[in-house]
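The values are calculated or read from the model by the stated rules, or taken from the named source; none is laboratory data. On a predicted model such as this, the values are computed, not experimentally measured, just so you know. Cβ coordinates were reconstructed from backbone atoms using ideal geometry, including for glycine residues, and neighbour counts include every protein chain displayed. Side chains are part of the model used for accessible areas, which takes the heavy atoms of the whole protein and leaves out ligands, DNA and RNA. Shrake-Rupley method; radii C 1.70, N 1.55, O 1.52, S 1.80 Å.
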Amino acid sequence: QVQLAESGGGLVQPGGSLRLSCGVSGILVRFSVMNWYRQAPGKQRELVADISSGGNTNYVDSVKGRFTISRDNAKNTVYLQMNSLKPEDTAVYYCNAQWSSRDYWGQGTQVTVSS
């Protein structure tokens, strides 16, 4: 059974940082495409960052230079380091794994950027 579990969300002031973690069981992150999505109230879910099995990364323009996606193969965990956070980054953040033509999702973690 494949399970993804996000953690690390919370309330942070503008300009602050958070690191989200996505612990994975049932598949290996190094053989999967791993994605971080977010969904703000009243908006569609959007892809924020992804990392391929080869280690290539991509980011939505709004987070380039501020967010970094990475993975730890030994811990089978994917991270999203978020710096210089802005109020518009407020959303529920979801971890997603694409493996063997299937999609797997975590339950999401809330990130709120507010003073």
Scanning the range 23-68 residue by residue, the ones that are in a strand (DSSP E or B) and under 14 Å from VAL111 (Cα atoms) total 6
Criterion violated by TYR79 - all others in (1) assigned to a strand (DSSP E or B); (2) touching a residue at least 60 places away in the same chain (Cβ under 8 Å); (3) open to solvent by 30 Å² or more (accessible area, probe 1.4 Å) satisfied: (3)
Can you tell me which residues in the range 62-76 are surrounded by 14 or more Cβ atoms within 10 Å (Cβ to Cβ) and under 19 Å from ARG45 (Cβ atoms)? VAL63, PHE67, ILE69
In the range 84-115, the residues that are closer than 22 Å to GLY42 by Cβ and open to solvent by 80 Å² or more (accessible area, probe 1.4 Å): LYS86, GLU88, TRP105, GLN107, GLN110, SER115
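For every residue, the table says whether it meets (1) in contact (Cβ under 8 Å) with a residue 40 or more places away in the chain; (2) touching a Pro at 6+ places or on another chain (Cβ under 8 Å); (3) farther than 14 Å from CYS95 by Cα; (4) among the charged types (D, E, K, R).
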position: LEU20; (1), (2), (3), (4): yes, no, no, no
position: ILE27; (1), (2), (3), (4): yes, no, no, no
position: ALA49; (1), (2), (3), (4): no, no, no, no
position: VAL63; (1), (2), (3), (4): no, no, yes, no
position: PHE67; (1), (2), (3), (4): no, no, yes, no
position: ASN73; (1), (2), (3), (4): yes, no, yes, no
Tally up the residues in the range 35-51 that are small (Gly, Ala, Ser) and either surrounded by 13 or more Cβ atoms within 10 Å (Cβ to Cβ) or closer than 17 Å to GLY9 by Cβ (or both), please. 2
Report every pair of residues separated by at least 6 positions or lying on different chains whose Cβ atoms are under 7 Å apart, first residue within the range 4-16 and in contact (Cβ under 8 Å) with a residue 60 or more places away in the chain, second among the basic types (Lys, Arg) and part of a strand (DSSP E or B). GLY8/ARG19
